[in-house]
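Colleague: Please read through the structure below; I'll follow up with questions.
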Protein chains: 2
Amino acid sequence: MILIPEIIGYAAATLTTVSFLPQAILTLRTRDTAALSLTMYSLFTLGVACWLIYGIYLSNKAIIYANAITLVLATSILSCKIYNIVCKKE
Amino acid sequence: MILIPEIIGYAAATLTTVSFLPQAILTLRTRDTAALSLTMYSLFTLGVACWLIYGIYLSNKAIIYANAITLVLATSILSCKIYNIVCKKE
């Protein structure tokens, strides 16, 4: 039997992971990163990488998969932001 | 003795929580939300609310505090985005 806290936990993990997909799509499609904070995506990407290492340490597949996906999405958004700054588009 | 996985876990939680502060400051200062995905912040805010409920269920203070802070920051960014859409600024 799946308990209510477990369902809420899975919903939480799914929502916070999946949420970065529409942002990554929007950013890669429009290439507009003016309103995105470089500091946020730098800290966030580093944090997600730490979560991934933490998951690997614990051999916890849920933490590994969720953060591996988020890391790819966050890195793509961060790369686009850095590209725009380096190419003086911002 | 604090183990390496615990240090990495704390670093991960701190970084992913704190990262939304510079984004919230940038958004509230500039009011520019054009490059921010409405879908992302809607799903993310809902997900963080689920994490908060999950933490309350488990009586886990670390989950509660981290997600309470993130919820305030994500809600402020989402509110600014919705305001701009409603007021036809986007």
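The values are calculated or read from the model by the stated rules, or taken from the named source; none is laboratory data. Just so we're clear, the structure is a prediction, and the values are computed from it rather than from any experiment. With ideal geometry, Cβ positions are generated from the backbone for all residues, glycine too; neighbour counts draw on all protein chains shown. Ligands, DNA and RNA are excluded from the accessible area calculation, which covers all protein heavy atoms including side chains. Shrake-Rupley method; radii C 1.70, N 1.55, O 1.52, S 1.80 Å.
Colleague: Of the residues B:Tyr83, B:Tyr57, B:Tyr65, which single one is among the hydroxyl-bearing types (Ser, Thr, Tyr), modelled with pLDDT of 95 or more and open to solvent by 60 Å² or more (accessible area, probe 1.4 Å)?
Modeller: Exactly one residue qualifies, and that residue is B:Tyr83.
Colleague: Of the residues B:Ile77, B:Ile25, only one is open to solvent by 80 Å² or more (accessible area, probe 1.4 Å) and either out of contact with any strand residue (DSSP E or B) (no Cβ under 8 Å at 6 or more places or on another chain) or at positive phi (or both); which?
Modeller: Exactly one of B:Ile77, B:Ile25 is open to solvent by 80 Å² or more (accessible area, probe 1.4 Å) and either out of contact with any strand residue (DSSP E or B) (no Cβ under 8 Å at 6 or more places or on another chain) or at positive phi (or both), namely B:Ile25.
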